[in-house]
Amino acid sequence: MSDILFIKTSSLGDVIHHMPAVSDARRHRPHARIGWVVEEAFAPLVRLHGAVDSFIPVASRRWRAAPLNADTWREVGAFWRAMREQTHETVIDAQGLLRSALITRFARGRRHGYDRESVRERAASWFYDVHHRVDRALHAITRNRMLTGQVLGYAPDGWLDFGLDLAALMCGAPTREVVLLHATARPQKEWPIANWTELAQGLSARGYSLVLPWGTEAERRRSEEIAAFVPDAKVPDLQPLDDVARMIARAAFVIGVDTGLLHLAAALGVPVAAIFLGTEPGQHGPLGAGKIEVAGALGQMPSVSDVRTAVERIEP
């Protein structure tokens, strides 16, 4: 049982953007038990959050890929039972989508969410017992914190705490590795491979070791294509998110497009150079305690020179 159950299942960036709201809840309700419903792939990261007492993994992405499979229906039934076996004082859908609202409906407790003017998908608001208004133009982190504060009866302060222990994840001093995050699920966010290659070659010439993680086979091939032109660049094996967090924590700095791992780097306080061209940095930009520089903007592709300038400003 949890006193507070958060519903924020995906994507990775959304999960990270919700972490400060969970930290706020812990500060204002120090004795509450806090639970979180999250997509199974992101559960290893949620497990690292110091304020989370328990989590319930959901596999909606796998289930959608095989809706008629008998195993899918068995897993859906097990998830439904896990949700119904627990009673919660407060249930908060911080996602605001129809699929997250349906999950919220499974939960036993008073259900809170955004009102019709604030929610991302209007039909989601039908499933809540209590509705809250939060300006949709605000940054996602601010929206999550304000919603949680309204539900629990406090005003969030300005301090951002993602609930992650950088020192514990680093396991030593920072390295000379630079993590390049070229992969993104949305093509409009991609920066050209030729630009990545030119940038990577320059960093390698200055003595940095480059690491190019990936999440899909297409992304692996893209990593290998860039690494082929850069001496000693590493394309690591696919890793769970907690191991990826440790790799990022040890990095000298991170360069990436608007993707979940970029927001993870910012959350850890690792210096970040962000490349934006398909989204608006004011609403979706990385936030954290470390140095952060943004090159580009919605509809404005930054040049290699622009990104180099951003890197110079964050270098240790």
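The values are calculated or read from the model by the stated rules, or taken from the named source; none is laboratory data. Remember, predicted model here, so these are calculated numbers, not experimental data. A quick note on method: Cβ atoms are made from the backbone with ideal geometry, for glycine too, and the neighbour counts reach across all protein chains shown. These accessible areas exclude ligands, DNA and RNA; they are computed on the full protein's heavy atoms, side chains included. Shrake-Rupley method; radii C 1.70, N 1.55, O 1.52, S 1.80 Å.
Which members of the range 58-89 meet the condition of being among the aromatic types (Phe, Trp, Tyr) and out of contact with any strand residue (DSSP E or B) (no Cβ under 8 Å at 6 or more places or on another chain)? Let's see the steps before the verdict.
Initially, the range 58-89 is screened for residues among the aromatic types (Phe, Trp, Tyr), giving 63, 73, 79-80.
Trp63, Trp73, Trp80, listed by residue number.
To keep it simple, each residue is scored yes or no on (1) under 22 Å from the mean Cα position of the chain (by Cα); (2) under 19 Å from Arg313 (Cβ atoms); (3) of a type outside the set (Val, Ile, Thr).
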residue: Ala218; (1), (2), (3): yes, no, yes
residue: Val235; (1), (2), (3): yes, no, no
residue: Leu238; (1), (2), (3): yes, no, yes
residue: Ala249; (1), (2), (3): yes, no, yes
residue: Ala267; (1), (2), (3): yes, no, yes
residue: Ile275; (1), (2), (3): yes, yes, no
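Out of all the residues in the range 102-133, which are among the β-branched types (Val, Ile, Thr) and touching a residue at least 60 places away in the same chain (Cβ under 8 Å)?
In the first step, residues of the range 102-133 are kept if they are among the β-branched types (Val, Ile, Thr); the result is 103-104, 119, 130.
Hits for the range 102-133 are Ile103, Thr104.
Every residue, every condition in (1) in contact with a Lys or Arg (Cβ under 9 Å, 6 or more places away or on another chain); (2) of a type in the set (A, V, I, L, M, F, W, C); (3) crowded, with 18+ Cβ neighbours inside 10 Å, yes or no:
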{"residue": "Arg120", "(1), (2), (3)": "yes, no, no"}
{"residue": "Val130", "(1), (2), (3)": "yes, yes, no"}
{"residue": "Arg136", "(1), (2), (3)": "yes, no, no"}
{"residue": "Arg143", "(1), (2), (3)": "yes, no, yes"}
{"residue": "Met146", "(1), (2), (3)": "no, yes, yes"}
{"residue": "Gly149", "(1), (2), (3)": "no, no, yes"}
The number of residues in the range 306-316 that are in contact with a strand residue (DSSP E or B) (Cβ under 8 Å, 6 or more places away or on another chain), open to solvent by 70 Å² or more (accessible area, probe 1.4 Å) and at pLDDT 95 or above is 2
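Output the helices (runs of 4 or more DSSP H) that fall wholly within the range 195-305 and possess 3 or more residues being without any contact (Cβ under 8 Å) to a residue 60 or more places away in the chain and open to solvent by 40 Å² or more (accessible area, probe 1.4 Å), or say none.
Working: elements: 217-227, 241-249, 260-268, 281-284.
In the range 195-305, 217-227 are the helices (runs of 4 or more DSSP H) which contain 3 or more residues that are without any contact (Cβ under 8 Å) to a residue 60 or more places away in the chain and open to solvent by 40 Å² or more (accessible area, probe 1.4 Å).
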The lone condition Thr184 fails out of (1) among the polar types (S, T, N, Q); (2) buried (at least 21 other Cβ atoms within 10 Å of the Cβ); (3) not in a loop (DSSP other than H, G, I, E, B) is (3)
